[in-house]
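This report concerns only the one structure given below.
Each reported figure results from applying straightforward, stated rules to the coordinates on display, with no laboratory input. These numbers come from a predicted model, not from an experiment. For neighbour counting, all protein chains shown are included, and Cβ atoms are generated from backbone atoms with ideal geometry for every residue, glycine included.
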Amino acid sequence: MRLQIIDLDAGVAAQEPLRRRIDAGAATRIDAADLACRLRIVASRGALQSLASRLKPAAGGSSEPCVTFYGSGDFHHLTAGLVAAVEGDVTIVHFDNHPDWVRFPATVNCGAWVNRALELPQVRKVVTIGPCSDDLVRPELQFANLDAVADGRIALFPWRHAPSRVWGRYGATASYRQQGGHLHWRNLADEDWDAFLDELVAAIPTRAVWLTIDKDVLGPQDACTNWDQGQMPLGYLLAAVERLAGARAIAGIDVCGDWSQPRFRDPFRAGLAFFDHPKAVTPTPDALARNGAVNEALIGCFERVLS
């Protein structure tokens, strides 16, 4: 595999597991700190174009699957741009505490990137695994793309969540059933994980799979992020990666969810961060060390399954 770090916010490049690989020449660091303020939360077109121009030389025409780390989940919308380089049909498997399915505003932002990915002709489906967040509380009022869920372009499997109150009619899919004014989700925390992974693999419509991981899908015991966090145990995430890599061709992987101090140059993004983020807490060194340990475990898993 090819390992690259987009250094936007110093959230990952200085971490021991990644710094060591950068120093040894086993990973490529792309300096993008000057773009961070224009990419965080909502991306400007110019910043995206500048980033793309820096990523192209790093690829060097390699056909190996690329694993990309890029810091905070505030930048999760970079996934859509990374997947845009995939040739041929692909399914995105998305591990996250948030569905990132907002339809309005139709910008390139961290809460809406799934819709930008679905606009790519090669993306057949997005499977989102692990949400526990309040994004599923009255999702229509939060501009959720429930139409894509109903027609199967998005399959959403919460780790644990109460039924969602809705007004529309969305039928039933493999991930929920509607009873009256509520969508009753399958709670993966209550299911056999191996059986679910077998079902997941069988339902993927493409040979190629892109994995995108936001570490806020994990609980605070495993990760320290800028967002509210879920409950999926790390072992379950690693088992899913191994199962998917054994059954499908991995087109690429991206990982976010490392903590960094949000910095902005404009009141618009600062306001969005203020209202969207949970109350700001400065993490302890021990809390930040969890991210390094999780990243080490993830890289070890990727090296095993992609070798």
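Projected label points at Arg265 and Asp190, each 7 Å from Cα along the beta carbon direction, are separated by 5.0 nanometres. A Cβ-based charge dipole, computed about the Cα centre of the chain with Lys and Arg at +1 and Asp and Glu at -1, lands at about 640 debye. When you filter the GluC sites (Glu not before Pro) in the stretch 211-307 for DSSP loop state and at most 13 other Cβ atoms inside 10 Å of their Cβ, nothing is left.
Using Cα pairs under 8 angstrom and six or more residues apart, how large is the relative contact order of the chain, in percent?
On the way: 588 pairs, mean separation 62.8, N = 307.
Computed over the chain, the figure is 20 percent.
What the Cβ-Cβ distance of Arg165 and Arg54 gives, at R0 = 45 Å and to the nearest 0.05, is a FRET efficiency of 0.55. Net length available on complete extension from His182 to Leu141 is 13.4 nm, with 0.36 nm assigned per residue and the Cα-Cα distance removed. All other residues whose Cβ lies under 11 angstrom from that of Arg124 are scored, Lys and Arg at +1 and Asp and Glu at -1, for a net of +2. May I ask for the net charge around Trp210, where only other residues with Cβ less than 13 Å from the Cβ of Trp210 are counted and Lys, Arg are +1 while Asp, Glu are -1? With Lys, Arg at +1 and Asp, Glu at -1, the neighbours total +1. Highest mean first, the peptides 81-89, 209-217 sorted by other C-beta atoms within 10 Å per residue fall in the order 209-217, 81-89. In the chain, the longest principal axis of the Cα atoms and the axis of helix 193-203 are about 90 degrees apart. One chain, two ends: Glu296 and Val201. Fully extended at 0.36 nm per residue, the span grows by 31.7 nm beyond their Cα-Cα distance. When shorter helices are ignored and each DSSP H run of at least 4 residues is given -39500 (n - 2.57), the per-residue value for the chain at 222 nm works out to -9500 deg cm²/dmol.
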